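All remarks here apply to the structure that follows.
The values are calculated or read from the model by the stated rules, or taken from the named source; none is laboratory data. Just so it is clear, the model here is predicted, and its values are computed rather than measured. Virtual Cβ from ideal backbone geometry, glycine too; neighbours counted across all protein chains shown. The area values use the complete protein model at the heavy-atom level, side chains included, leaving out ligands, DNA and RNA. Shrake-Rupley method; radii C 1.70, N 1.55, O 1.52, S 1.80 Å.
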Amino acid sequence: MTTGGAPRAGAAGRLPGPALPAALSAGLLAGLLATGCGASGSAGASGTPSPPTSTTSPEELCTRIVAHWSREVLDSTAYGDYQSMGLSNGQYEILRTVVDAARTAKKRQGADAADELIGREAAEGCADRYRSGGPTEGPWQ
């Protein structure tokens, strides 16, 4: 039995209430450190965090994701669902074109040539797609 109203150690002495899962606790701590305890000078005049100084352009993001999935499906017989890959319909069309060309290059010139082709063709296809600022025919285009 304890005195002074303080709970004792052990299951019977725990305070009531839900315990946070370890992952959630760690995530909250990381979020607090990133937002509330950041380096001095990172907040604007109003005390709010400044926006990031660099962003990824739509064509860079397109190139990365198309190249990634092109490498993933190169040796597969199926392409998979474009939505589960995080691609738009237009990006998926680029992927299909890139993979078809990479399969041919791999048969003729080997895996290294196919890998180089994927990077080059994904960049060209995405640059063409986003040259005028992005798709304008709806969310799936």
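Suppose accessible area is computed on protein heavy atoms with a 1.4 Å probe; arrange Ile94, Ile118 from highest to lowest. The partial results should precede the final answer.
Details: Ile94 20, Ile118 0 Å².
Ranked list, largest accessible area first: Ile94, Ile118.
What shape does the range 65-132 have by the C-alpha gyration tensor, where a ≥ b ≥ c are the square roots of the eigenvalues, rounded means a/c under 1.5, and otherwise prolate means a/b greater than b/c and oblate the rest? Please list the in-between numbers first.
Details: a/c = 2.39, a/b = 1.30, b/c = 1.84.
Here the range 65-132 falls in the oblate category.
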Add +1 for every Lys or Arg and -1 for every Asp or Glu among the other residues with Cβ under 13 Å from the Cβ of Leu74, and state the total. -2
